[in-house]
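The values are calculated or read from the model by the stated rules, or taken from the named source; none is laboratory data. None of these values were measured; they are calculated from a predicted model. Quick reminder, even Gly has a Cβ in these numbers, built from the backbone with ideal geometry, and neighbours come from all protein chains shown.
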Amino acid sequence: MSITRALFGFPGGVRLPTHKHASTDSPIATLPVPPELVIPLSQHAGDPARATVSAGDTVHRGTIIGRAPGDFSAAVHASSSGTVTAVENRPVPHPSGLPEPCVVIRTDGHDTCPADGPEALTDWLSVSPARLRRRVADSGVTGLGGATFPAAVKLTPGPDTDVTLLVVNAIECEPWITCDDALLREHAMEVVTGARIMRHILGEPAVVIALEAEKRAALDALNRALDAAGETDMTVTPVPVRYPAGGEKQLIQTLTGREVPSGGLPLDLGILCHNAGTVAAVARAVEHGEPLTERIVTVAGTGVGQPRNFRVRLGTPVHRLIEAAGGYRGQGHRLIVGGPMMGFALEHDNVPVTKGCNCILVTEAHAVPPPEPALPCIRCGDCADACPVRLQPQQLYWHALGRDYESIREDGLFDCIECGACAYVCPSKLPLVGMYRHAKSAIRTADEDQRFAEQARQRYAFRQARLERERQEQAERRRRKKEALQSERGTAAKADRKAEIQAAVARARERKRGGGES
């Protein structure tokens, strides 16, 4: 193990109050299994899982209740044992607030695992990368940092892609969130083991574990775990705290000095980045045969009694976490999934914890006043200075306001990571990120409409070509039939003419014979 401090940094960014200590003063608490679990079939990027159970079925912890319909999806498992009571739409934590299909389980209190569950692959170094990828996919492991990208997909870069660097991202740059910090403090060996398994799957690239420089307890725990594992090839890199240092592209630029190309992926640079929680989940899936049925969630904010990190089963109602954290404090509350910069609000607390829920932020109403009225842009340039992607946020705003979608696309709208740094520093309180999201949605809708129109045009062209081909084939068949008929008629006419001649000759011969006899 080595510690490097040679960092390159990234442009822009802002310094935010962290509020981290409130939830890290106590160890991780394990929340009891609730009487009812509501497990969404779409907890990941990609296609929703397809339910494999129905009402009345008995399930165990780890039973597959939703199977991935394709490669870009993830399996969903029962978080505890019990009976399926329904497969129906329920409220879920999503920015849209719309209900989605969920499997509802009445737990039996036994929390049993299936007797024929996955075997523990303790000697994983002797297991092929293909089999390990399949184990990760079957275990439903997704990104636990918020993006919920299927982990097995990222671990399959393709035959022509050479991964030279694996980055384990333990940076929690948003205020309040400390679930990865707690994970490293108490379960650093899981992260180290998961990183080693991923390194084996990817063909032995270099490994860097990045975390905030101020996480001294987590850094010490990580060093002890690396020493205990006899690991000397991994590099631990403390990174200065500056939002959004934990963004994938910003972290890669900080560590390597290289920028992910516009519209590209880290794989274009031979780099793969995984969240620390995801890495630990891979270790549990491989070494213990445990599907992803739980995660660590931070419950924090000024509106909750005792901020803390909890190990909680997926599908547990959010209100149970808040009750375990001392309940609501103060008057009027706002619930946010994620952090205050990039998280989204919940309408109520009767929604389940999902794979992407890293934090439940509870704020008092007075702590989050209504948005101030937006004032005209004064072109101060603060937003451009804060942008970590070197965009011109004020220009994007004007394009979005004028619905000049061609110009806003050319100016790099889709390179925007929606971190909110521009809006945070804007003295005019312009709703910059909201405008960018609206513009992205409008452009995607227009692109989709254009794609459908092009598909319709192609279908029409194919239909016209097919009809023309059928007309030509029909005309050709008619021509051949006519020629055949004419040929048959000609042959018949010739035969009739020949028969007439033969009959005339026969009559002449008959008359000749008759004349000779007389």
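What number of residues within the range 44-53 are out of contact with any strand residue (DSSP E or B) (no Cβ under 6 Å at 6 or more places or on another chain) and at pLDDT 95 or above?
1
On the basis of being of a type in the set (A, V, I, L, M), assigned to a helix (DSSP H, G or I), over 30 Å from Arg403 (Cα atoms) and assigned by the TED database to the domain that holds Arg403, does Ala453 make the cut?
Spelling it out, it is not the case that Ala453 is of a type in the set (A, V, I, L, M), assigned to a helix (DSSP H, G or I), over 30 Å from Arg403 (Cα atoms) and assigned by the TED database to the domain that holds Arg403.
Among the numbered criteria (1) without any contact (Cβ under 8 Å) to a residue 60 or more places away in the chain; (2) crowded, with 18+ Cβ neighbours inside 10 Å, which one does Arg50 miss?
In the conditions (1) without any contact (Cβ under 8 Å) to a residue 60 or more places away in the chain; (2) crowded, with 18+ Cβ neighbours inside 10 Å, Arg50 misses (2) alone.
Return only the number of the condition from (1) of a type outside the set (D, E, K, R); (2) surrounded by 24 or more Cβ atoms within 10 Å (Cβ to Cβ); (3) outside any strand (DSSP E or B) that Val168 does not satisfy.
(3)
Please state which of the following conditions His200 fails to meet, knowing it meets all the rest: (1) in a helix (DSSP H, G or I); (2) at pLDDT below 95.
(2) is the only condition that His200 fails.
How many of the residues in the range 190-228 are of a type in the set (A, V, I, L, M) and over 16 Å from Leu166 (Cβ atoms)?
Here the count works out to 7.
If you take the residues of the range 76-105 that are among the small types (Gly, Ala, Ser) and over 21 Å from Val312 (Cβ atoms), which of them is modelled with the highest pLDDT?
Selected residue: Ala86.
State which residue pairs qualify: first residue in contact (Cβ under 8 Å) with a residue 40 or more places away in the chain and over 11 Å from Val282 (Cα atoms) and inside the range 186-209, second residue buried (at least 24 other Cβ atoms within 10 Å of the Cβ) and small (Gly, Ala, Ser) in any location, beta carbons under 7 Å apart, and separation of 6 or more residues or different chains.
Partner pairs satisfying both residue conditions: His187/Ala280; Val207/Ala195; Ile209/Ala170; Ile209/Ala195.
Scan Thr254, Thr178, Thr235 and give me the residue that is under 26 Å from the mean Cα position of the chain (by Cα), in contact (Cβ under 8 Å) with a residue 24 or more places away in the chain and over 20 Å from Thr24 (Cβ atoms).
Thr254
Could you tell me whether any residue of the range 26-39 is touching a Phe, Trp or Tyr at 6+ places or on another chain (Cβ under 8 Å), in contact (Cβ under 8 Å) with a residue 24 or more places away in the chain, at positive phi and surrounded by fewer than 20 Cβ atoms within 10 Å (Cβ to Cβ)?
no
Just checking, how many residues over the range 64-83 are over 21 Å from the mean Cα position of the chain (by Cα), surrounded by 22 or more Cβ atoms within 10 Å (Cβ to Cβ) and either under 26 Å from Ala151 (Cα atoms) or not small (Gly, Ala, Ser) (or both)?
The total comes to 1.
Of the residues in the range 138-165, how many are assigned to a helix (DSSP H, G or I) and in contact with a strand residue (DSSP E or B) (Cβ under 7 Å, 6 or more places away or on another chain)?
Residues that pass the stated criteria total 2.
Given the criterion in the same structural domain as Gly289 (by the TED database) and touching a residue at least 60 places away in the same chain (Cβ under 8 Å), identify the matching residue among Val136, Val87.
Val136
Going through the range 125-160 one residue at a time, which ones are out of contact with any Phe, Trp or Tyr (no Cβ under 8 Å at 6 or more places or on another chain) and among the hydroxyl-bearing types (Ser, Thr, Tyr)?
Correct list: Ser126, Ser128, Ser139, Thr148, Thr156.
Among the residues of the range 29-47, write down those that are in contact with a Pro (Cβ under 8 Å, 6 or more places away or on another chain) and either among the polar types (S, T, N, Q) or not in a strand (DSSP E or B) (or both).
Of everything in the range 29-47, those that are in contact with a Pro (Cβ under 8 Å, 6 or more places away or on another chain) and either among the polar types (S, T, N, Q) or not in a strand (DSSP E or B) (or both) turn out to be Pro34, Leu41, Ser42, His44, Ala45, Gly46.
Given the structure, is Gly109 more than 21 Å from the chain's Cα centre (by Cα), crowded, with 22+ Cβ neighbours inside 10 Å, part of a loop (DSSP other than H, G, I, E, B) and not aliphatic (A, V, I, L, M)?
no
Can you give me the number of residues within the range 303-348 that are farther than 28 Å from Ala421 by Cα and among the charged types (D, E, K, R)?
5
Output the number of residues of the range 332-388 satisfying the condition of being under 29 Å from the mean Cα position of the chain (by Cα) and basic (Lys, Arg).
So the count comes out to 2.
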